[in-house]
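For reference, the structure is listed below as structure tokens.
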Amino acid sequence: MGNLQNARSSATQAKKSSLRPVERWGYASGNFAKSIVWNTLELFLIFYLTDLVGLPPRDAGLIVFLSLIWDAVLDPVIGFIADRTTTPIGRYGPFLLIGAPLCAISFSLVFSLPTAMAEHGMFWALGALLLFRSAYTLVDLPHNALIATLSNDSSERARLASLRFVFSSLAVFVLAVSSYFILSPDLIEHQQNRFRQFGLLVSVASAAVLVASWWSVRRFDRTAQGANHSISSQLRSLVFFIRDKDSRAVMLYAFSSALLVSVFGKGLGYFAKYELGNEALVSVGLAAMMIGQIAGSICLGRIASRYENAIALKAAGLMLLPATLVFFLSAPASAATLIGSCAVIGFPVGGIWALVWALAPNVVDKQQATCHTRAEGSYFGILIVIMKAATGLSAFLFGWLLTQIGFEPNVQQSDATLLWLRCVMCVLPSIGGISIFLIMSTYGITHANHSSLLTK
């Protein structure tokens, strides 16, 4: 028995140290490709649909919600298939190699919608988004699940998750700089042409980076082939993920962050256009926020690696309260206050977005030790379903709240509407921060007891 444990320990140590820097950075760069397409839609899609395409805010929010629900339905299917996939190039490679070009084509179509769409415009927009969400599912889940195959060390996963988010933030920084030119005050037709050109450029670059990201870690993918799990073992794993308190904590944390924390970013375009009087200034706020997020993901990632994931996340959740208060009280608004408050908010948000992918593989390790089968694709599928459903619900909620506070596109807003816009942008993320603090207080996987799971 002692020899068996020593052998397992040696294998664990070997796997911990086998990830080369070029592989670590190559894998993390895939988040740049995913983030730039995801955040283009996350930050600007509702604005694009309401102010350029001409849809009512409620319809725009509903379109985003329905498309993300469709996306979320596909994730468990892809996860289930991935858990049973065995090919000469690996478990996740086929999904990424097929999905990357499809994602590029469909993303460019989203920003090819005509302005001032007719009465059936809502259905045209929904159809374009459904195509993109279907393709995005083929690359998002496999790339996320790859992190569980690269290392079984909890601390290393925290560092890798932090590096992934640095690339995600760099993508949004590029998006922020680009948005200065895309959203420069001009005729609607000119703005939409710039969106089309940007969409085409981003789609091609994203596909190329995603393929290169998988290629850099393909040796790990080849050794992580799927297994022929029985239906009963799959069901046992599903029951475990639902009943286990640590699994539930990660799912609730993912739901709260996607539903509530993301609202601040959705409101930036409206805040810049209607309170600051220049929608191009959203690029300034986004750039400042991304700098804060990069700093936050690195600092909080180091705390998570050196101490505990839960400690870092509880700290990030509490930081959101004073950070959003700074933004709310920064009146009268100016470019300077926008830069400062967005950077402050970005710091805790960086840790919140990054560390979910450090916690998820640890839950899968616990599931494997308990159920004696490994279902990482299924769990990542469940987790992404939750996040995308929450993101869709967040978009619908934000669109509905815009209607309730009296927002009308392309006209001057009342002082009351602008005040309520600030409230929406600040109160909901603050509630999310409190929720994350409370949820992480129940999370029990530490670096020490995670190491003991690997020997079972």
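Mind listing just one residue for me: the one in the stretch 345-359 that is aliphatic (A, V, I, L, M) and more than 14 Å from the chain's Cα centre (by Cα) and, of those, surrounded by the most Cβ atoms within 10 Å (Cβ to Cβ)?
Looking at residues that are aliphatic (A, V, I, L, M) and more than 14 Å from the chain's Cα centre (by Cα), I get ILE345.
Give the residue, chosen from GLY406, GLY392, that is at positive phi and small (Gly, Ala, Ser).
GLY406
What do you reckon, is SER257 among the small types (Gly, Ala, Ser), over 30 Å from VAL411 (Cβ atoms) and touching a Lys or Arg at 6+ places or on another chain (Cβ under 6 Å)?
The answer is no for SER257.
Could you give every pair whose Cβ atoms fall below 9 Å, whose first residue belongs to the stretch 402-416 and is within 12 Å of ARG58 (Cβ to Cβ), and whose second residue is surrounded by fewer than 17 Cβ atoms within 10 Å (Cβ to Cβ), counting only separations of at least 6 or pairs across chains?
Listed pairs, sorted by first residue: LEU402/ARG58; THR403/PRO56; THR403/ARG58; PRO409/PRO56.
Could you figure out which of (1) out of contact with any Gly (no Cβ under 8 Å at 6 or more places or on another chain); (2) modelled with pLDDT of 90 or more; (3) in a helix (DSSP H, G or I) isn't true of LEU418?
With (1) out of contact with any Gly (no Cβ under 8 Å at 6 or more places or on another chain); (2) modelled with pLDDT of 90 or more; (3) in a helix (DSSP H, G or I) applied to LEU418, the lone miss is (2).
Name every residue in the stretch 335-358 that is more than 13 Å from GLY433 (Cα to Cα) and touching a Ser or Thr at 6+ places or on another chain (Cβ under 6 Å), in order of residue number.
Once the filter is applied, which keeps residues that are more than 13 Å from GLY433 (Cα to Cα) and touching a Ser or Thr at 6+ places or on another chain (Cβ under 6 Å), the stretch 335-358 yields THR337, SER341, ALA354.
Quick check on this structure: which one of ARG164, ARG91, ARG159, ARG133 is surrounded by fewer than 24 Cβ atoms within 10 Å (Cβ to Cβ) and basic (Lys, Arg)?
ARG159
Condition check ((1) in a helix (DSSP H, G or I); (2) at pLDDT 85 or above; (3) under 23 Å from the mean Cα position of the chain (by Cα)) across all residues:
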| position | (1), (2), (3) |
| --- | --- |
| VAL22 | yes, yes, no |
| TRP25 | yes, yes, yes |
| PHE44 | yes, no, yes |
| PHE47 | yes, no, yes |
| LEU55 | no, no, no |
| GLY61 | yes, no, yes |
| ILE81 | yes, no, yes |
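Is it true that ALA72 is within 15 Å of the chain's Cα centre (by Cα), under 19 Å from LEU138 (Cα atoms) and in a helix (DSSP H, G or I)?
It is true that ALA72 is within 15 Å of the chain's Cα centre (by Cα), under 19 Å from LEU138 (Cα atoms) and in a helix (DSSP H, G or I).
Could you list all residues from the stretch 394-436 that are of a type in the set (A, V, I, L, M), crowded, with 22+ Cβ neighbours inside 10 Å and touching a Ser or Thr at 6+ places or on another chain (Cβ under 6 Å)?
Listed by number, the list holds a single entry, ILE436.
Determine whether THR391 is surrounded by fewer than 17 Cβ atoms within 10 Å (Cβ to Cβ), among the hydroxyl-bearing types (Ser, Thr, Tyr) and in contact (Cβ under 8 Å) with a residue 40 or more places away in the chain.
No; evaluated as a whole, the condition is false for this residue.
How about the stretch 417-437: which of its residues are more than 23 Å from ILE63 (Cα to Cα) and over 23 Å from the mean Cα position of the chain (by Cα)?
Those that are more than 23 Å from ILE63 (Cα to Cα) and over 23 Å from the mean Cα position of the chain (by Cα): THR417, LEU418, LEU419, TRP420, ARG422, CYS423.
Can you pull out the residues in the stretch 332-378 that are in a helix (DSSP H, G or I), closer than 30 Å to GLU275 by Cα and among the hydroxyl-bearing types (Ser, Thr, Tyr)?
Scanning the stretch 332-378 gives THR337, SER341.
Restricting attention to the stretch 367-380, and to residues there that are surrounded by 21 or more Cβ atoms within 10 Å (Cβ to Cβ) and modelled with pLDDT of 85 or more, which single residue is farthest from the chain's Cα centre (by Cα)?
Ranking the candidates gives GLN367 first.
Are any residues in the stretch 422-455 at pLDDT 90 or above and either aliphatic (A, V, I, L, M) or in contact with a strand residue (DSSP E or B) (Cβ under 7 Å, 6 or more places away or on another chain) (or both), and if so, which ones?
Scanning the stretch 422-455 gives VAL424, MET425, VAL427, LEU428, ILE431, ILE434, ILE436, LEU438, ILE439, MET440, ILE445.
The values are calculated or read from the model by the stated rules, or taken from the named source; none is laboratory data. The structure presented is a predicted model; accordingly, all values stated were derived computationally and were not measured. Reconstructed Cβ throughout: ideal geometry from the backbone, glycine too, with neighbour counts over all protein chains shown.
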